[in-house]
Amino acid sequence: ERVEMQVLAADLDIGRTTLYRWVGEREQLLEEVFAGLVDEWFAEVIPQAQGSGRDRLIDVMRRFLEFAAGFDPLSEFAAREPALTMRLLLDREGMIAERSKSAVRDLLAAEAPDLVVPENIIDAIEVSAAALVWANIAIGREPDIDGAIDLCETLLDAC
């Protein structure tokens, strides 16, 4: 259901001013929650990934996107608040994008240390994957995970 700051403050038995001082605005709170989910989901799928090198990176990306797209609370949020979802998930300088790009950088360092991937390619991988999955969910379509993975492979192959 929709996150209402006044209801949350009441549930925590604190004043609304205290809640805002602790977590900032509603959008900041949601961004923090979603960024935490990115960390949790990568931690969940990395040990399950198959292959090595570039193939393992691609497998992690696919598993991550499938896991994220299958998370009903986030899909329901995207359908209910598509504009906010897009603002949070497609902000190239936001916390969610930074966590996602950091995970991709770490995977590249671990799995393909000889592959030099410029920062703009990492940005493109992150934003295109988010767009192909979440923009589709927000407008009531199926997420295009295959398209996101194909684009990721093409970008990595260009390196």
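The values are calculated or read from the model by the stated rules, or taken from the named source; none is laboratory data. Remember, it's a predicted structure, so these values are computed and weren't measured experimentally. Heads up, the Cβs are rebuilt from the backbone with ideal geometry, glycines too, and the neighbour counts pull from every protein chain shown. Note: accessible area is taken over every heavy atom of the protein model, side chains too, but ligands, DNA and RNA are not part of it. Shrake-Rupley method; radii C 1.70, N 1.55, O 1.52, S 1.80 Å.
Quick one: which residue in Gly147, Gly140 is assigned to a loop (DSSP other than H, G, I, E, B), among the small types (Gly, Ala, Ser) and within 27 Å of Asp72 (Cα to Cα)?
Gly140
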Kindly list, by first and then second residue, each pair from a residue in region 15-43 that is in a helix (DSSP H, G or I) to a residue that is modelled with pLDDT under 90 and exposed (fewer than 13 other Cβ atoms within 10 Å of the Cβ), limited to pairs with Cβ atoms under 6 Å and residues at least 6 apart or on different chains. Arg16/Gln6
Exclusive hit being over 30 Å from Glu153 (Cβ atoms) and assigned to a helix (DSSP H, G or I), set Leu57, Leu65, Leu8: Leu8
Hey, can you tell me all the residues within region 9-54 that are open to solvent by 40 Å² or more (accessible area, probe 1.4 Å), among the hydroxyl-bearing types (Ser, Thr, Tyr) and farther than 30 Å from Asp114 by Cα? Thr17, Tyr20
Would you pick out the residues in region 53-80 that are at pLDDT below 90 and more than 15 Å from Arg141 (Cα to Cα)? Gly53, Arg54
Can you tell me which residues in region 144-159 are free of Cβ contacts under 8 Å to residues at least 60 places away in the same chain and open to solvent by 40 Å² or more (accessible area, probe 1.4 Å)? Asp144, Asp146, Asp150, Leu151, Thr154, Asp157, Ala158, Cys159
Condition met for Gln6 (at pLDDT below 95 and surrounded by fewer than 11 Cβ atoms within 10 Å (Cβ to Cβ)): yes
How many of the residues in region 95-143 are touching a Pro at 6+ places or on another chain (Cβ under 6 Å) and crowded, with 20+ Cβ neighbours inside 10 Å? 3
